[in-house]
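Here is the structure we will look at.
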Amino acid sequence: MNLIKGYPESMRESIEKVEKTREKRLKEKYQQMSLDERDEVLNKYHPDYKPEVKRKLSIGSSKEEIVPMEVADLIESYPLVSEKDIDLTSIDYDVDLLIIGGGGAGTMAGIWATYEGIDPENILMTTKLRHGDSNSIMAQGGIQAADKANDSPEIHYLDVIGGGHFANEPELVEALVSDGPAIIKWFESKGVMFDKQKDGTMITIHGGGTSRKRMHSAKDYTGMELLRVIRDEFINLSIPVIEFSPAIELLMDDKGQIAGAVLFNIETHQYYVVRAKATVMGTGGFGRLHIQGFPTTNHYGATADGLVMAYRCGARLRDMDSVQYHPTGAAFPEQIVGLLITEKVRGLGAQPLNRDGNMFVHPLEPRDVESAAFIKECYGASGGVETPTGMQGVWLDSPMINMLKGEGTTERELSAMYRMFKRFDINMVEDPILVFPTLHYQNGGVVIDANGATELKGLFAGGEVTGGVHGKNRLMGNSLLDYSVFGRRAGISAAKYAKKASIGELTLSHVTRYRKELEKAGVPENRKSPMILPEYRGRNVLSRAIDIF
Ligand code: MEZ
């Protein structure tokens, strides 16, 4: 493949138009849409509003729940193992607490379970790749928390509920916003280097759909900075971790409790049986399913394993019909298609523009509205800016940032992004960058309560695997807050539970029961899950970038 360096002539013509309108746009204010206008663009152009891309689940505890086809197929799949494959009398790890998933939620759960009095030696974290490999570490723009004088958890609450189309679970939103300020203080006390003014005041900016500036950041690698610090804390507490060993099935006991998991070592292909008094799931979302062929911002392990495993045990799912497409995935060059261009770029002043250099939407509409407006511009209006591989996109006028906020702002505040584009001879301080929506987040998931407890005894969960916090659309910066708040709460609740729990005889009979339901529903035998890692052989990867509509 020829590496593309800089913009080709065909795209330069459009860049010239962008440059011509810039002076005028610098003085312009663009109106946000009315609720009716938002509804219209969502209904016509948002990928989630096409009924033919989803179906009802036909078996299990959330039978009739509408989910994307790709997710339905994965949930309604045969287990990788059956009862006879695993010897449950031979226990490899016997612990108080098993944590499945090595991202933010799992890491927080381990730390707070330890603070709650569980001996680290009686905790085990297992993770599919390495500790930290997760969407949490890849988050860029920031974490929301209402800790400024003009803000409050109540105002934050209203933003979250409005952004989520009023479908959120109120008690979960209350927990999210109330814990926010204390979580930021705790992160700081542990050494997170948030962006600050010279006088030490925390810098906060807007995200899409926020009525106050409450986005706290560490340049454009906030996720990495948070995980750097909490992973250090986790390591300092000496909590054991086994890497490259995803859970492939939850274990239950004869009292109907969740009692650990079966792990699969992806290097040695060995199975391990973990018996645990309590289990916390922080397995993340489904981005790597590439719903509707979209590229994704997600890490390779985001294959919805937790959903699949919990569903087989009887966990209920909610809001699974809604998928988050981040408005600004990279659309050029080809090598980085789908990677995240943080919302902070718009938060700092970059405007979205069409191929004629005109602004067609307010930069900070809620994510679903902004994405729908981009898709309309590319496929419903005059057409987007076309790349040499046929991908459509709209411009983000990044040079405006330094013009509005002062020389050096982009290089300082968006240093990771600035460097990424430089590798392809694109200087985002001088030229705009091309973007198109990319699959970013699983809005719904496993039902939990405000303590991070699922409806299954012994199973707790936090972060993207859960549903209810964000309703039908998450706002920027609320996922880092979500994993922090509910990872912590799940860890504390699991610790309390483990102190009292006693485990009966281990069983995988739920797997057999589920298999029978699948057979009855006529599901083809070759469909298997969890997926563990996505398949990228064949022509799929490149076609994804250009063949969405
Ligand atoms: O919360 C997010 O998804 C986030 C911070 C993303 C971003 O645009 O940076």
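The values are calculated or read from the model by the stated rules, or taken from the named source; none is laboratory data. What you see is a predicted model; the values in this text were computed from it and never measured. As a convention, Cβ positions derive from the backbone with ideal geometry for all residues, glycine included, and neighbour counts pool all protein chains shown. Heads up: the accessible areas ignore ligands, DNA and RNA and are worked out on the full protein's heavy atoms, side chains in. Shrake-Rupley method; radii C 1.70, N 1.55, O 1.52, S 1.80 Å.
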Enumerate the calculated ³J(HN,Hα) couplings along segment 317-333 in order (Karplus 6.51 cos²θ - 1.76 cosθ + 1.60, θ = phi - 60°), each rounded to whole Hz, writing x wherever the residue is Gly or Pro. 10, 8, 6, 6, 7, 10, 10, 9, 9, 6, x, 10, x, 4, 10, 7, x
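Given Cα pairs under 8 Å that are at least 6 residues apart, what percent is the relative contact order of segment 1-97?
In percent, rounded to a whole number, it is 12.
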For segment 214-295, what ratio Rg/Rh do Cα atoms give with a Kirkwood hydrodynamic radius? 1.06
Which of the GluC sites (Glu not before Pro) across segment 1-89 are loop residues per DSSP, with 11 or fewer other Cβ within 10 Å? Glu28, Glu64
Please list the non-local residues whose amide H lies under 5 Å from the amide H of Ile448, H modeled 1.01 Å from N, same-chain partners needing a gap of 5 or more. Gly467
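Contact order normalised by length for segment 390-549, with contacts defined as Cα pairs under 8 Å and 6 or more residues apart; what percent is it?
It rounds to 19 percent for segment 390-549.
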1/(1 + (r/R0)^6) with r = Cβ-Cβ of Glu9 and Met69, R0 = 35 Å, i.e. FRET efficiency to nearest 0.05, evaluates to 0.30
Magnitude of the Cβ-charge dipole (Lys and Arg +1, Asp and Glu -1) of the chain about the Cα centre, nearest 20 debye, reported as 320 debye
For labels at Leu533 and Asp36 in the simple 7 Å Cα→Cβ model, what's the distance in nm? 5.3 nm
With contacts defined as alpha carbon pairs under 8 Å and 6 or more residues apart, what's the relative contact order of the chain in percent? 26 percent
Relative to a virtual label point 7 Å from the Cα of Phe166 in the Cα→beta-carbon direction, which members of segment 446-481 show backbone nitrogen distances below 20 Å? 468-475
Viscosity 0.692 mPa s, temperature 37 °C: what is the translational diffusion coefficient of the chain from Stokes-Einstein with a Kirkwood Rh over Cα pairs, rounded to a whole number of µm²/s? 139 µm²/s
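So between Glu188 and Gln335, what do we pick up on full extension, going 0.36 nm a residue minus the alpha carbon distance?
Here the segment from Glu188 to Gln335 would lengthen by 49.3 nm.
DSSP loop (so not H, G, I, E, B), at most 12 other Cβ within 10 Å: list which trypsin sites (Lys or Arg not before Pro) in segment 1-44 pass both filters.
In loop regions of segment 1-44 (DSSP not H, G, I, E or B), the sparsely surrounded trypsin sites (Lys or Arg not before Pro) are Lys5, Lys29.
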Log entry: pair-distance distribution for segment 420-507, C-alpha pairs binned every 5 Å from zero, whole % per bin is 3, 12, 18, 15, 11, 10, 9, 8, 5, 4, 3, 2, 1, 0
Using DSSP to call loops (not H, G, I, E or B), can you name the trypsin sites (Lys or Arg not before Pro) in segment 170-240 whose Cβ has at most 13 other Cβ atoms within 10 angstrom? Lys198
Lysines with Cα under 22 Å of Lys496, excluding same-chain neighbours fewer than 8 positions away: Lys255, Lys277, Lys457
From the residues Gly223, Gly104, Ala350, which one has its Cα farthest along the dipole of the chain in the positive direction, the dipole being from +1 and -1 charges on Cβ of Lys/Arg and Asp/Glu about the Cα centre? Ala350
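Determine the share of the chain's accessible area contributed by carbon and sulfur atoms, expressed in whole percent, with a 1.4 angstrom probe.
Here carbon and sulfur together make up 49 percent of the probe-accessible area.
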Hey, quick one: spin label on Lys405, modelled 7 Å out along Cα-Cβ, who in segment 13-27 has an amide N within reach, i.e. under 18 Å? 26-27
Once phi is turned into ³J(HN,Hα) by the Karplus curve 6.51 cos²θ - 1.76 cosθ + 1.60 with θ = phi - 60°, what whole-Hz value does each residue of segment 211-227 show in order, with x for glycine and proline? 8, 9, 7, 10, 8, 8, 9, 10, 6, 10, 9, 4, x, 5, 5, 5, 5
Put +1 on the Cβ of every Lys and Arg and -1 on every Asp and Glu Cβ in the chain; which of Ala278, Ser509, Gly6 then has its Cα farthest towards the positive end of the dipole? Gly6
Cα axis of helix 478-500 to longest principal axis of the chain: angle in degrees, 0 to 90, nearest 10? 10 degrees
The equivalent-ellipsoid semi-axes of segment 161-281, taken as the square roots of five times the Cα gyration tensor eigenvalues and listed largest first in whole Å, are 36, 22, 14
Grab the Cα-Cα distance for Met202 and Glu28, subtract it from 0.36 nm times how many residues apart they are, and report the gain in nm with one decimal. 59.8 nm
Nearest-ten-degree value, helix 153-163 long axis tilted from longest Cα axis of the chain: 80 degrees
Which of Ile433, Met69, Ile492, positive extreme of dipole for the chain (C-beta unit charges): Ile433
Per-residue HN-Hα couplings for segment 97-109, Karplus 6.51 cos²θ - 1.76 cosθ + 1.60 at θ = phi - 60°, whole Hz, x for Gly and Pro? 9, 9, 10, 9, x, x, x, x, 5, x, 5, 4, 4
Let me know the charge dipole size of segment 103-148 about its Cα centre in debye, to the nearest 20, where only the beta-carbon of Lys, Arg (+1) and Asp, Glu (-1) is charged. 260 debye
With +1 on each Lys and Arg Cβ and -1 on each Asp and Glu Cβ, how big is the dipole of segment 152-258 about its Cα centre, in debye rounded to the nearest 20? 620 debye
Put a dot 7 Å past each Cα toward the Cβ at Glu455 and Ala149; how far apart are the dots in nm? 4.7 nm
How much length is gained on full extension from Glu519 to Glu121, taking 0.36 nm per residue of separation minus their Cα-Cα distance? 139.1 nm
Enumerate the whole-percent occupancy of each 5 Å bin, from 0 to the last occupied one, for all C-alpha pair distances of segment 261-345. 3, 11, 16, 20, 16, 12, 11, 8, 3, 1
Between segment 271-326 and segment 145-196, the Cα center-to-center distance that results, in Å: 24 Å
For Lys44, the aspartates and glutamates lying under 18 Å Cα to Cα, once residues fewer than eight places off in the same chain are dropped, come out as Asp36, Glu52, Asp321, Glu365, Asp368, Glu370, Glu377
Surface accessible to a 1.4 Å probe, per residue, for the residues of the chain, Å²: 38 Å²
Check Tyr78: other-chain or 5+ apart residues with amide H under 5 Å from its amide H, H built from backbone geometry? Arg527, Lys528, Ser529
In straight Cα distance, which lysines are under 20 Å from Lys29, not counting same-chain residues fewer than 8 positions off? Lys17, Lys20, Lys213, Lys344, Lys405
